[in-house]
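Here's the structure, in C-alpha cells; my notes come after.
The values are calculated or read from the model by the stated rules, or taken from the named source; none is laboratory data. In this text, all values refer to a predicted model and were calculated from it rather than measured experimentally. Cβ placement follows ideal geometry from the backbone for every residue including glycine, while neighbour counts extend to all protein chains displayed.
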Amino acid sequence: MNVPEIKEAEAVVSPDSILCVDDKVVLGEYTFNVKHDASLGDIAKNFSPALPPSLADDLVKRIVLLPDDTMRDFTRLFTEVITRIRINKETKTVNTGGLWTEEYIPPETLFYSVVLIHAPYAKDEELENEEEVRNFLEERISSRTFYRLGGNETVGKGIVRITFQGVKNGN
C-alpha cells in the first residue's frame, strides 16, 4: 500500500472525492489545498472490509489524508472530553476522588493494529502451532458482531467491531 507524501496545509483526496470545491476541502473550520491521488482508492479498498457496508461504499469518495501534525491537532480538537463528578447524596458535595474526565472519540473512527501470532510457548493440547492460534482468535472474535469496551454501557459508549484483515500464512 503506497501512502502519498503530504505537504503542510495540504489534504490528499482521491480523484473521485465529493469533498472538493475549487481544489479545496473544508474540514471543521480548516481549509486545505487539495492534492488528488489515485492511490487513495487502494488505501480505501484496504480499509473497506473493516467498515460497515454503509460506510465502506462511500469511503473512496470521502477519504482524506492529512499531515501528521494536522491530524494530531484534529484529534485534540474533536475528541469530546467530559468532566464528571460524583456527588455525596447526604452532604451534596463532591465525594473524595469523585472528579474524573471521560474522552469520547468520533463515532466513525477506525482504529487498526497489527497482531503477531506465533506458536504457543506453553504446552497446550488444543493449540499446537501458529495457524491453530490464529484460528482460535478468529473464531472467538468473529463469533460476536460487536464488543463493548470500557464503561458507560447504559449510554451506548464503547461499542466496537473487531475484524481480521490482511496477511495469513505469510501471504
For region 8-17 the number of residues that are surrounded by 12 or more Cβ atoms within 10 Å (Cβ to Cβ) and either of a type in the set (A, V, I, L, M, F, W, C) or within 16 Å of P67 (Cβ to Cβ) (or both) is 5
Being of a type outside the set (D, E), surrounded by fewer than 11 Cβ atoms within 10 Å (Cβ to Cβ), outside any loop (DSSP other than H, G, I, E, B) and at pLDDT below 90, is that true of even one residue in region 48-68?
yes
Which number in (1) surrounded by 11 or more Cβ atoms within 10 Å (Cβ to Cβ); (2) within 21 Å of the chain's Cα centre (by Cα); (3) within 19 Å of A50 (Cα to Cα) marks the one condition that F111 misses?
(1)
Checked pairs for region 144-167, first at pLDDT 75 or above, second outside any loop (DSSP other than H, G, I, E, B) and of a type in the set (G, A, S), C-beta under 7 Å and 6 or more apart or across chains, list as T163/A50
May I ask you to list the residues in region 120-150 that are loosely packed, with under 11 Cβ neighbours inside 10 Å and part of a helix (DSSP H, G or I)?
E139, R140
Pick out the one residue from V60, V21, V25, V81 that is in contact with a strand residue (DSSP E or B) (Cβ under 7 Å, 6 or more places away or on another chain) and farther than 23 Å from K157 by Cα.
V25
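Before we move on, is A44 assigned to a strand (DSSP E or B) and closer than 24 Å to Y112 by Cα? First the steps, then the outcome.
Details: assigned to a strand (DSSP E or B): no; closer than 24 Å to Y112 by Cα: yes.
Considered against the rule, which asks whether it is assigned to a strand (DSSP E or B) and closer than 24 Å to Y112 by Cα, A44 comes out as no.
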